[in-house]
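The values are calculated or read from the model by the stated rules, or taken from the named source; none is laboratory data. What you are looking at is a predicted structure, and each value in this text was computed from that prediction instead of being measured. With ideal geometry, Cβ positions are generated from the backbone for all residues, glycine too; neighbour counts draw on all protein chains shown.
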Amino acid sequence: MNIPLEYILVLSSSLFVIGAAGVILKKNIIVVLMSIEIMLNAANINLVAFSTYYGDTTGQVFALFSIGVAAAEVAVALAILLNLNKQKKTVDIDEINLLRW
Amino acid sequence: MSILEYAWLIPVLPLLAFVIVGFLGGKMKDNGAIVAVIGVGGAMVLALWTAFEVLTTGVVYKPESMEWVVLSSDYSMEMGVYIDSVAAMMLIVVSFIAFLVVVYSTAYMHDQGKRQRRYFTEICLFVGVMLGLVLANNFLQMFIFWELVGLCSYLLIGFWFERPAAARAAKKAFLVTRVGDVMLMIGLFLLFTEFHSLNYELIWGNLTTADQTTLAFAGFFLFGGAIGKSAQFPLHDWLPDAMEGPTTVSALIHAATMVNAGVYLTARAFPIIATSADVSLFVAAIGGITAFIAATMALCAPKIKGVLAYSTVSQLGYMILALGTGAFLWNQGHHEAGSLAFGAGLFHLMNHAFFKGQLFLGAGSVIHYVGTEELSKMGGLGKYMKVTSITMLISCISIAGIPFFSGFWSKDEILAMTFEATDVNLWFLLLWIMGVATAFMTAFYMFRMWFMAFKGEPGEGTKHVIEHGGHHHEAPIAMLLPLVILAALAFGSWLSLFIGDGFYSVINVEGEFHALSIIERLEEVFSSPLTWVSIAMAGGGIALAYYTFNKRRISAENVVSKGFPKAMRQLLLDRYKFPVAYDKIGYVGVYGFSLLLDKFDRYVIDGIVNGISKFLIKAGGVVRKSQTGFVQNYTTLLLLGVSLIIVLLYVVGALR
Amino acid sequence: MLENIPILSLLLLFPLVGALVTFFVKDQKKAKITALVFSAIPLILSLLMLTEYVQNYGPYQFEETYSWIGSLGIQYMLGVDGISVPMVFLSTLLVFLAIIFSWDIDHRTNQYMALLLVLELGVLGVFMSLDYFLFYIFWEVVLIPMYFLISVWGGPRKSYAAIKFFIYTHIASLVMLLGIFALYFEAGSYNGGNYSFSMEVINSVSPMFGATFQAIVFGALFFGFAVKMPMFPFHTWLPDAHVEAPTAGSVLLAGLLLKMGSYGIIRVAFPALPSGAQDWQWVMVVLAIASIVYGAVMCLAQKDLKKMVAYSSISHMGIVLLGFATFTEIGIAAGVFQMFSHGLITAVLFMMCGIMQHKAGTRNIPRLGGLAAKMPYAAAFMMIGFMASLGLPGMVGFVAEFSVFTATYDAFGWLLLIPVISVAITAAYYIWAMQRVLFGPVTTEIDTAHLHDVNWYEALPLAVLCGFIVLFGMFPQLIMGYITPAIEGIVTLLGVI
């Protein structure tokens, strides 16, 4: 039994929007990072869904790549955040504007 | 095998000497003097032989010219040799006087030590390029050597470069003649585009088919070159300054040879100038005006070389007057008279080269002896400098125009021809009057100079030399011999009128002449009232000078002590304010303009460039405020942007 | 003998390898010698090329073609014709002499020498590329070493001058790059989608381009080249760059980099866009004449000897452009010859400025004076340089200048009277400068007691250059023989429209 593509797209768009809202609105930088992961996963779901839909495995391969890259990215991002936290003593994203003009 | 085939060696020999002296002269004991004498002497022998060959056979030597540089499929420049009678005459004059001057220099410049090397290097270069100028078979080649003689003139005027006056004079000479050269260049561009060649014969042969307006302009601009080089009004003012160079240089370059290049050019351009009556009249007028005003300036010149310099300008004016008159007469169809005037101009060139070269070398001898150039400090030198004073007297008589001295024959002919042209155009009457007045002034100032230097009470300089033991003899033989030889020629070069068919049978425009025997010529000359007018003028001038400066019957000081004569004298000493005018144009006009332009460049053009960069920096300062550093701002904008694009794509898709 | 040797690639290879090797030679002395050797080899190669080149054969010679980025139609394609041969010779000669002249550099010598060699690589590449993309790459390669030469070894305002130089010329080259891309796509569409950067391919279809397209793209290319030449009013980077640059930098900047601009016009802009060139003819003429006269008048006002020489370059490059803009064979050929002669002459002039700076400690003309007595050899070289630059016959500048003016009269008639004024002004500023620097009493403004004449490493390059100036002045056919046959093709192209 096949789940219709639309259902999956609705799911992934919802996830994406939730993630985007989190990135924009949340003050805690860890939460922002988690929201980014949600957005990534929304994209991954799309990749897998279309891959199945077209019967082409390239999408799934890309999804795997994407998960791998995301893992690496999280590792780097968390390391940066830890350092940042050490220096700034905060996880509030509004406090951090080091790359300001 | 004819000697003519080796004619190309004539300029090469001095140039070879130039290279040898230039590179090795410092190692030679005599600083290259002997090499220079050999180089120039060899050129003289070859040149005289060549000239003899050309003049006796009457054949124009014109070998195939070689291609110098191919500029494009339709333009190329050539190099070649062209020796007709005019070139042959110039060869004689230039090479002979150059040789005498170089010999004279070996003694005259002896006290210059190591510097002689530079002197002889530059003199050899000059002689080489001057001979090259004469031998050229096209205007371009002539122009090349023309510029190079200008360079040598510049270098030699500035020989004592540590003297500010010499450095200034050299600069002035170069720049003023350069103005003329620009005119000459324009003339060459006109001819080059019209004929696609600058070969003399090719141009002369195609004059009738060419565009007449272009030719008239070409003639005008070519003559512009002569105005600069031959120190004609209004570019004459560099020549008096050029006297800052060694006297030998003045004799060779600024009296006998280089300044004649302008006349030579006018002679070469004669057929072109003669295509237009207006240009011909212009040439004649410039010559007449120059002759007149230069003579007036010579009247009260304080320095011996100054008198000679003004006199040179004045005499060059005569030559130009002759050529202009000739061109005018030719243009009006009077071919025989035109040809005669042409010949007279060149005859005067030759005579003038001899007597003026002699006078300058004599002046050199005087300055060498007395150690000053001021005429007022000389006086009474005749007793101590017999050879110099007598030889200079001969030249003075010759230039004054006393019968049977060479200057008489040519000057009289020029005036006669000018008068003849009065029949066609009344302006020539004015020119004739100016010419006659000039003749009077010439006689006066030459004898003023001679009397002031050699007669009367000994002046300061003379006394100084005598009191300090003096020189026992006036000058070494190497200096006296050229004086004597040139004086002999200053008297005797008129005999060339009667060798064979005579001077005018050889030097003319395309064989338009009829030969006169001595008797016929004497009859013709002395039966004309005009001749007596010029003789009277010459005699009057000499007499006036005699009573003023020898007998002291008339006090020159009283005459010029007040009123108009005083103001006039000051104006003449100021050279009609020409130097001031040149400086005004140069420093105030051109240099002032350049300073203004410099401000424009700095503040306007560069201001715009820097302004753009300043604007960008400022604008960046404003725009960068949008970089808040808050990640969430960026993200929001990003998402909004993406949404906008999606919406737009949708709308566009819907509209299609 | 040379048929099988890729001589042009070798010409590029040796400076490249030389630059790398020199960069890693830490010893100062050895670095100089290494650089000298690696610049001598290209010089010998270019001399070989001069002898092997067949003069009366129109098309490119010693051609080498390899596909580089095939999918985009970019080739590594080299070749020379009569226009580039003299330029290649000039480049190798000037770099070699500049390295000798820089013998007294003791600050980061290895880097300095390496940069000179990189510069040589870039300039030679520009003069030999037959592919627009390759041309652009070499064009940009030239900028970098020159930027560092000015900004590291330069005078007091070096960073201002270096940045101004870089940004100004870089903007120009970007505009030029846009033009090249436009050519690429337009030519590709005419070639049935067969896109290529090859000059031959693009030029073969160029006469078919639409008139508007040609006019716009020619404008872009011309802007790029005019800044580089530089033409009034885009010239202000040049005096600043020259004043601050080290001597060798100035020599190469004026001697070679400016030539790239004019070379681009004749190699790129004219053949690719003949009708565009026609549309822009009057602009070129006006800018050329303005540069000639403006540059000359500006020279009069300058107090800094080097700035004067820099402005004289603007004036003399204006003569090049004026020659090109006549669209006549004689004008273009003379323009190319003027490029060559200006390269030789200006090198002498900038070396003299360097000597003045080095020996007398100042280039300020009013503070100098009477130096002919103190340094006769330097004075002689300076005089030769000045005289050559003011167009004295018998020296290399004369024939070119004379022919350009002839062509000007041929093409535009009495308009000639404006640029020809510069002949007198040029004489005026040189002669006046000479009077103030060399003649008169010895100056008291500076300490002249220890003023020495030129050293061997200064005299040698000057002597070689002066020798060439006189040699090619007396026998201009030696160079014109290469140039003239190559011009005919370009004129035919221009005449077609």
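The table below lists the values:
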read-out: Extreme residue, farthest from the chain's Cα centre (by Cα), among residues of the range B:172-230 that are within 26 Å of B:M66 (Cα to Cα), part of a loop (DSSP other than H, G, I, E, B) and more than 12 Å from every other protein chain (Cβ to nearest Cβ); value: B:T209
read-out: Some residue of the range C:312-321 being touching a helix residue (DSSP H, G or I) at 6+ places or on another chain (Cβ under 9 Å), modelled with pLDDT of 90 or more and closer than 30 Å to C:A449 by Cβ; value: no
read-out: Count of residues meeting criterion [surrounded by fewer than 22 Cβ atoms within 10 Å (Cβ to Cβ) and outside any helix (DSSP H, G or I)] in the range C:413-443; value: 3
read-out: Failed condition for B:K625, given (1) in a helix (DSSP H, G or I); (2) modelled with pLDDT under 90; (3) surrounded by 10 or more Cβ atoms within 10 Å (Cβ to Cβ); value: (3)
read-out: Every pair of residues 6+ apart whose Cβ atoms lie under 9 Å, when the first sits in the range B:303-327 and is on the phi > 0 side of the Ramachandran plot while the second is assigned to a helix (DSSP H, G or I); value: none
read-out: Test set (1) buried (at least 24 other Cβ atoms within 10 Å of the Cβ); (2) more than 22 Å from B:M28 (Cβ to Cβ); (3) in contact (Cβ under 8 Å) with a residue 40 or more places away in the chain - B:C124 fails condition number; value: (2)
read-out: Failed criterion for B:S613 (all others in (1) polar (S, T, N, Q); (2) under 30 Å from A:M39 (Cα atoms); (3) at the interface with another protein chain (Cβ under 9 Å from one of its Cβ atoms); (4) part of a helix (DSSP H, G or I) hold); value: (2)
read-out: Top-ranked residue in the range B:624-656 [being among the aliphatic types (A, V, I, L, M) and facing chain A (nearest Cβ under 9 Å); ranked as farthest from A:F16 (Cα to Cα)]; value: B:V631
read-out: The listed residue being surrounded by 18 or more Cβ atoms within 10 Å (Cβ to Cβ), over 30 Å from C:F381 (Cα atoms) and in contact with a helix residue (DSSP H, G or I) (Cβ under 7 Å, 6 or more places away or on another chain), out of B:M109, B:M90, B:M77; value: B:M90
read-out: Matching residues, the range B:47-58, being surrounded by 14 or more Cβ atoms within 10 Å (Cβ to Cβ) and of a type outside the set (F, W, Y); value: B:A47, B:L48, B:T50, B:A51, B:E53, B:V54, B:L55
read-out: The range C:457-497, residues that are outside any helix (DSSP H, G or I) and either closer than 30 Å to C:A277 by Cβ or aliphatic (A, V, I, L, M) (or both); value: C:P476, C:I497
read-out: Only listed residue being among the small types (G, A, S), within 14 Å of chain B (Cβ to nearest Cβ) and either over 19 Å from the mean Cα position of the chain (by Cα) or surrounded by fewer than 24 Cβ atoms within 10 Å (Cβ to Cβ) (or both), chosen from C:A296, C:A290; value: C:A290
read-out: Subset of the range C:364-394 (residues that are surrounded by 22 or more Cβ atoms within 10 Å (Cβ to Cβ), modelled with pLDDT of 90 or more and more than 10 Å from chain B (Cβ to nearest Cβ)); value: C:A378, C:F381, C:M382, C:I384, C:G385, C:F386, C:A388, C:S389
read-out: Single residue of the range A:79-101 satisfying the filter (of a type in the set (D, E, K, R) and facing chain B (nearest Cβ under 8 Å)) that is farthest from B:R624 (Cα to Cα); value: A:D94
read-out: Odd one out for B:L190 among (1) surrounded by fewer than 20 Cβ atoms within 10 Å (Cβ to Cβ); (2) within 16 Å of B:V279 (Cβ to Cβ); value: (1)
read-out: When residues of the range C:403-422 are limited to those that are under 21 Å from the mean Cα position of the chain (by Cα) and facing another protein chain (nearest Cβ under 7 Å), the one nearest to B:H196 (Cα to Cα); value: C:S403
read-out: Residue check for B:G592: at pLDDT 90 or above, farther than 30 Å from A:L99 by Cβ and out of contact with any Leu (no Cβ under 7 Å at 6 or more places or on another chain); value: yes
read-out: Of the criteria (1) free of Cβ contacts under 8 Å to residues at least 12 places away in the same chain; (2) under 16 Å from B:T266 (Cβ atoms), which one B:F189 fails; value: (2)
read-out: Counted residues, the range B:65-85 - those being more than 8 Å from chain C (Cβ to nearest Cβ) and either part of a strand (DSSP E or B) or at pLDDT 90 or above (or both); value: 8
read-out: Any hit, the range C:444-456, residues being in a helix (DSSP H, G or I), out of contact with any strand residue (DSSP E or B) (no Cβ under 7 Å at 6 or more places or on another chain) and surrounded by 21 or more Cβ atoms within 10 Å (Cβ to Cβ); value: no
read-out: Filter result for C:L478 (within 22 Å of the chain's Cα centre (by Cα) and under 30 Å from B:L190 (Cβ atoms)); value: yes
read-out: Hey, B:D583 more than 30 Å from B:F404 (Cα to Cα) and more than 33 Å from the chain's Cα centre (by Cα) or not; value: no
read-out: Members of the range B:388-404 found to be among the aliphatic types (A, V, I, L, M) and either surrounded by fewer than 19 Cβ atoms within 10 Å (Cβ to Cβ) or at positive phi (or both), listed by number; value: B:I390, B:L393, B:I402
read-out: Some residue of the range A:69-86 being among the basic types (K, R) and surrounded by fewer than 13 Cβ atoms within 10 Å (Cβ to Cβ); value: yes
read-out: Residues being within 12 Å of chain C (Cβ to nearest Cβ) and more than 16 Å from the chain's Cα centre (by Cα) - total across the range B:133-170; value: 15
read-out: Residue within the range B:359-375 that is over 24 Å from B:H254 (Cα atoms) and crowded, with 19+ Cβ neighbours inside 10 Å present; value: no
read-out: Qualifying positions in the range C:457-497 - farther than 21 Å from C:F386 by Cα and more than 13 Å from every other protein chain (Cβ to nearest Cβ); value: C:L493, C:L494, C:V496, C:I497
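Every residue, every condition in (1) surrounded by 24 or more Cβ atoms within 10 Å (Cβ to Cβ); (2) without any contact (Cβ under 8 Å) to a residue 40 or more places away in the chain; (3) under 22 Å from C:A334 (Cβ atoms), yes or no:
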position	(1), (2), (3)
C:E200	no, no, no
C:N203	no, no, no
C:P230	yes, no, yes
C:L253	yes, no, no
C:I265	yes, no, yes
